[in-house]
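Student: What follows is a structure written as structure tokens; I'll ask about it next.
Please treat every number below as a calculation from the coordinates, not as lab data. A quick note: this is a predicted structure, and the numbers were derived from the prediction, not measured.
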Amino acid sequence: MAPLIQRSVSRKKQEEEESEERSVSEAIPLSPKLIYEVICREGEEELGRTKRSLIWSGIAAGIMISLSVLGEAIFRTYLPDTPYRFLIENLGYSLGFLAVIMGRMQLFTENTITTVLPVMRDRTWHSLGCMLRLWGIVLAANVVGAFAAAMLFMWTPAFSPDIIPAVLDLSHHATHMGAYNGFWRAIPAGVIVALIVWMLPQAADQTSFLLILVFTWLIAAGDFAHIVAGSVEMAIMILNGQLGFSGAVFGFFLPVLAGNIVGGTIIFTLVAWGQVRDEVEENGQ
């Protein structure tokens, strides 16, 4: 009887220790290396996806990001003209990002960190080629989706005529800041999107919503430039005849694209990689 009691006490003690260990593990935030591992594995999965999957996911993201333009336009149209309206209407900008990021669609600016981290670890021409292939496919698909959404805005009665003036006003502001300003204003947006991706593995499900909402609101409130959301506005201006091909490509698209890449990859991702490089290479990864 005594050995049986002793085994029971020992088992109970072991269960208590395991329960305490789980509680400690849940309470401790993820280390930078673990966050890196989560994002790196996600990037590897994206690099391994078929071209067809990337195209359709990218087109879906380009269409859904138009909710950012729609949300802002609705707030601007129907909110009273007060000094603080600007801050409230920019909450509408977050709608498209919430749909795309939480819907797990392919957004180009997310890939400036998720697919770059595996390349930094492997450092081979093959991995670099796979990353550039994915970038090209996703960006092109995002732009196709953006133009599809713009056609819905401009060529159909899908949306109330009351909000179209606000859509045009927002689009004109976003695409007519000039190449120089567009480049520099795109850098913070690239950093912010990469930061969102870096923070999401640590966030709980209910926290993810607020995280995306707040930081994408900051992009709009700070008047920063995002290449995919901006592509919807660029397409609207082109279809409306207020922006020509040369102005769209060289005055908006390429400078903003370069700024987002600089912010998301050269600035944020290199800093994030610097946090974990020694640990990753020490483990032979």
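Student: With no solvent and one equal point scatterer placed on each C-alpha of segment 63-167, evaluate the Debye formula and give log10 I(q)/I(0) for q = 0.12, 0.14, 0.21 Å⁻¹, two decimals.
Tutor: Log10 of I(q)/I(0), two decimals: -0.54, -0.67, -1.06.
Student: Next question. Can you give the helix-only mean residue ellipticity at 222 nm for the chain, where every DSSP H stretch with n ≥ 4 adds -39500 (n - 2.57) and the sum goes over all residues, rounded to the nearest 500 deg cm²/dmol? All intermediate terms of the calculation are to be shown ahead of the outcome.
Tutor: Numbers: 16 runs with 213 residues, N = 285.
For the chain, the value works out to -24000 deg cm²/dmol.
Student: Related question: Going by amide H atoms built from the backbone, whose H comes under 5 Å of the H on Ala225, apart from near neighbours?
Tutor: For Ala225, whose amide H was placed from the backbone, the distant partners under 5 Å are Ala186, Ala189.
Student: Percent of Cα-Cα pairs per 5 Å bin, from 0 to the last occupied bin, for the chain, please list those.
Tutor: Reading upward from the zero bin: 1, 6, 11, 15, 17, 14, 11, 7, 5, 4, 3, 2, 2, 1, 1, 1, 0, 0, 0.
Student: From the phi angles alone, apply the Karplus equation (6.51, -1.76, 1.60; θ = phi - 60°) to segment 153-159 and give each ³J(HN,Hα) in whole Hz, x where the residue is Gly or Pro.
Tutor: 3J(HN,Hα) across segment 153-159, in whole Hz: 5, 9, 10, 10, x, 4, 10.
Student: Further question: Pairs of alpha-carbon atoms within less than 8 angstrom and 6+ residues apart define the contacts here; what relative contact order does segment 32-278 have, in percent?
Tutor: 30
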